[in-house]
Amino acid sequence: MKNVTGLILAGGRGQRMGGADKGWVVYEGRPLIIGVVERLAPQVTALLISANRNLERYAALGTVVEDDTSAIDGTPFSGPLIGVLSGLRRSQTEWMAIAPCDAPHLPLDLVERLTRAASGATASAACARVNTRLQPVFAVVRTDLLDHLTRTVAAGERAMHRWLESVGVVPVDFDEAEAFTNINSPATAG
């Protein structure tokens, strides 16, 4: 979609993966990040990857954005909101679409549906909902939320769903639960 920057969240600790960098965990014969890039990149104008290690490898796939932890005491791996904040600072479009690096089956119409719902409701954000459960790391947010998120993070908030709710997120129902399955353990990466 035009005027949407994609942000893939790949900056986590990978605790449930034994500390592995989840983007590079092999799933179905290839790194998880490859499947996400292939599905998200055609839906957006530009692609950012929030990463805190293996930066050169990620840079081959998109523009790497490291977590800016200066506003929160410098603690690394401080959660997805820090990645989103860093992405918003780099985005040059009206909207930013967010997806995690461990969801290689994300919908091919994710960005269109979320952006249309938020625009139609004149909202600042929309996120996927599956079986009445919000999927906060599958979202679109207006980039003019940068100042709001900066203040929210500085106040100590780290939960993506609470921040989205604070800006009046519009939930968008998706039927395909498997598209939102996170590959977040060695057993599911298989």
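The values are calculated or read from the model by the stated rules, or taken from the named source; none is laboratory data. This structure is a prediction, so every number in the text was calculated from the model and none was measured. FYI the Cβ positions are ideal-geometry reconstructions off the backbone, even for glycines, and counts take in every protein chain you see. In case anyone asks, the SASA skips ligands and DNA or RNA and just uses the protein heavy atoms, side chains included. Shrake-Rupley method; radii C 1.70, N 1.55, O 1.52, S 1.80 Å.
Of Arg129, Arg158, all but one fail to be surrounded by 14 or more Cβ atoms within 10 Å (Cβ to Cβ), touching a helix residue (DSSP H, G or I) at 6+ places or on another chain (Cβ under 9 Å) and of a type in the set (Lys, Arg); the exception is Arg158. Figure legend. Inter-residue proximity from segment 28-41: first residues without any contact (Cβ under 8 Å) to a residue 60 or more places away in the chain, second residues surrounded by 15 or more Cβ atoms within 10 Å (Cβ to Cβ), beta-carbon distance below 6 Å, spacing 6+ or different chains. Indicated pairs: Pro31/Trp24; Val37/Leu61; Ala41/Leu47. For segment 48-65, the set of residues classified as modelled with pLDDT under 90 and open to solvent by 60 Å² or more (accessible area, probe 1.4 Å) consists of Arg53 only.
All conditions in (1) at pLDDT below 90; (2) closer than 27 Å to Asp144 by Cα hold for Thr45, with the sole exception of (1).
In the set Ala97, Ala118, only one residue is open to solvent by less than 30 Å² (accessible area, probe 1.4 Å) and under 13 Å from the mean Cα position of the chain (by Cα); that residue is Ala97. Within segment 157-170, residues that are farther than 13 Å from Ala126 by Cα sit with their Cβ atoms under 7 Å from residues that are surrounded by 15 or more Cβ atoms within 10 Å (Cβ to Cβ) and of a type outside the set (Gly, Ala, Ser), at 6+ positions apart or across chains, in these pairs: Glu157/Leu81; Glu157/Trp163; Arg158/Leu81.
Among the residues of segment 95-111, is any in a helix (DSSP H, G or I) and either more than 23 Å from Gly62 (Cα to Cα) or of a type in the set (Lys, Arg) (or both)?
no
Restricting to segment 136-153, name every residue that is in contact with a Pro (Cβ under 9 Å, 6 or more places away or on another chain) and not hydrophobic (A, V, I, L, M, F, W, C). Across segment 136-153, the qualifying residue is only Pro136. The condition of being more than 16 Å from Gly11 (Cα to Cα), surrounded by 21 or more Cβ atoms within 10 Å (Cβ to Cβ) and among the polar types (S, T, N, Q) holds for only one of Gln135, Gln92, that being Gln135.
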